[in-house]
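In what follows, a structure is listed as structure tokens, so that the remarks can point back to it.
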Amino acid sequence: MSKTETIDKVLQSVDAGLDKSLERLFDLLRIKSISTDPAYAAECQKAADWIADELNGLGFDASARPTPGHPVVVAHGPQQAGPHVLFYAHYDVQPVDPLNLWHSDPFEPQIVERDGRKIIVARGASDDKGQMLTFIEACRAWKQATGSLPIRISLMLEGEEESGGKNLPPFMKDNAEELKADIALVCDTDMWDRQTPSITTMLRGLVADEVEIIAADKDLHSGMFGNAARNPNQLLAEIIASLRAPDGSVTLPGFYDDVAEISPEVKAQWAGLGFDEKAFLGAVDLSVPAGEQSRSVLEQLWARPTCEINGMSGGYIGDGFKTVIPARASAKISFRLVSGMDPHKIRAAFRAHVESMLPADVTVKFTPHGASPAITVPADGEFLRQALSGLTDEWGKQAVITGSGGSIPVVGEFKSILGLDTLLIGFAQVDDQIHSPNEKYDLDSYHRGIRSWVRVLGALAS
């Protein structure tokens, strides 16, 4: 049987088994695996056991491994010729609050029609149970149609992604030898649009710091101490204002030293994506890009580092008015990083900048909130080329390479702990309302996501 005939046979199995596949997805969606709430610990264990049982039934050697938090499901397929892939997803979900905004029970999945499309509505439908099942169901179809998997496949499925994932890096370090592979696959991203599949090859890193400015030993009456006493709110405002220049660039010394320009080829491809800057900002009632003025919005989002003020507090912020000079003022500040930037170098530069602006009688306290590097997948890699080919074959439209302004820490950990590059292939849509009430996943995303993984695995086998 030719490769094309084999792929067609596996795709027929996907189509014929779609109803049964949806039943399995609905069973998983009914499990209330909310990782951040200890009250749902048993549900997280239940979800992990459910997944391990399904994978064992497909011939994997699978188990739900204990951690200090929720289990990590690890599964290994039999030895096969060709590359060895490690697939990652997460089975935990966000809380459902506010419950009154849901149109139906968030843990009783439904298929409804919206704008002429059938959608699956439930917590976790898109993030990430539906996405995870697209891969597992593709493995099922390969087994049913051919009796085996096309390549060697391992899976690592965690239960704490939505609550910080602090137990996964130690788990990976402790099991690094077992988790070795040739490439990691992650299904936790979007398509470019409803008909254009994409592979995300650029993820920004992240440095987050909380800074607290401390002056007097207590809040002071602004009439009794105004002018004479240092106001931490004012000083913090001056520090924050100093972080950006009028042209939108970040002012920290050395901030751009390790930032490389994107290639003309990548820039040309991005220009051909048809991204509408006005519509993008207009959707949130804005119109003027605020980053570096010489850069397109896509460059600002995907290929340039940022400095953002995520929260500020100090003094009295309740109803009415209270004329105080606060003793303390604080802000939460994050930096999104691009490839080549050292998170620890940026944190040190930020702290040095703050300290350089402090008067003699003022102190500062810093609290770190994570640091992870940016990730870039080589644009000329063979695995990337094969995966793009498989996606293009399924969707009938050239798959594109995209960046992401967000950060997925596990991708950095794959690189730093396991030495693996990652292909981020997802089938979510921008309107899936993940983390929000009425989360949904298009039925077409689920069905063709399974078919896409069938083709990608077949392409990697070649």
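Is it true that A141 is over 23 Å from E158 (Cβ atoms) and either in contact with a helix residue (DSSP H, G or I) (Cβ under 7 Å, 6 or more places away or on another chain) or at pLDDT below 95 (or both)?
yes
Do we have T251 as of a type in the set (S, T, Y) and in the same structural domain as P409 (by TED's automatic domain parsing) here?
no
All but one of (1) in contact (Cβ under 8 Å) with a residue 40 or more places away in the chain; (2) part of a helix (DSSP H, G or I); (3) of a type in the set (D, E, K, R) hold for R385; which doesn't?
The one condition R385 does not meet is (1).
Within segment 444-452, can one find any residue that is buried (at least 21 other Cβ atoms within 10 Å of the Cβ), assigned by TED's automatic domain parsing to the domain that holds R24, not small (G, A, S) and not in a helix (DSSP H, G or I)?
So far as segment 444-452 goes, no, none of its residues is buried (at least 21 other Cβ atoms within 10 Å of the Cβ), assigned by TED's automatic domain parsing to the domain that holds R24, not small (G, A, S) and not in a helix (DSSP H, G or I).
So if I check each of H70, H90, which one is surrounded by 19 or more Cβ atoms within 10 Å (Cβ to Cβ), closer than 24 Å to W453 by Cβ and of a type outside the set (V, I, T)?
The match here is H90.
Quick check on segment 138-182: of everything there that is among the acidic types (D, E), part of a helix (DSSP H, G or I) and in contact (Cβ under 8 Å) with a residue 40 or more places away in the chain, which residue is surrounded by the fewest Cβ atoms within 10 Å (Cβ to Cβ)?
E162
Give me the residue from segment 346-374 that is in a strand (DSSP E or B) and of a type in the set (S, T, Y) and, out of that set, modelled with the lowest pLDDT.
S372
Can we say G77 is touching a Lys or Arg at 6+ places or on another chain (Cβ under 8 Å) and crowded, with 21+ Cβ neighbours inside 10 Å?
Considered against the rule, which asks whether it is touching a Lys or Arg at 6+ places or on another chain (Cβ under 8 Å) and crowded, with 21+ Cβ neighbours inside 10 Å, G77 comes out as yes.
Select from segment 275-317 the residues that are of a type outside the set (A, V, I, L, M, F, W, C) and part of a strand (DSSP E or B) and write down the one among them that is nearest to A329 (Cα to Cα).
So, considering only residues that are of a type outside the set (A, V, I, L, M, F, W, C) and part of a strand (DSSP E or B), the one nearest to A329 (Cα to Cα) is G314.
Can you say whether E308 is in contact (Cβ under 8 Å) with a residue 24 or more places away in the chain and either more than 26 Å from the chain's Cα centre (by Cα) or more than 18 Å from A237 (Cβ to Cβ) (or both), as far as the supplied structure shows?
Criteria not met by E308.
List the pairs whose first member sits in segment 258-274 and is under 18 Å from K397 (Cβ atoms), whose second member is part of a helix (DSSP H, G or I), and whose Cβ atoms are under 8 Å apart, counting only residues at least 6 apart or on separate chains?
Qualifying pairs under 8 Å: W270/L298; W270/E299; W270/W302; L273/L298.
Looking at the structure I just gave you, is F87 in contact with a helix residue (DSSP H, G or I) (Cβ under 6 Å, 6 or more places away or on another chain) and assigned to a strand (DSSP E or B)?
Answer is yes for this residue.
Need pairs with beta-carbon distance below 9 Å; first residue without any contact (Cβ under 8 Å) to a residue 12 or more places away in the chain and of a type in the set (D, E) and within segment 337-365, second surrounded by 15 or more Cβ atoms within 10 Å (Cβ to Cβ) and outside any helix (DSSP H, G or I); sequence gap 6+ or separate chains.
Matching pairs, first to second residue: E355/V364.
The values are calculated or read from the model by the stated rules, or taken from the named source; none is laboratory data. For clarity, every value in this text was computed on a predicted model and none was experimentally measured. Note that each Cβ is placed from the backbone with ideal geometry, even for glycine, and that neighbours are counted across all protein chains shown.
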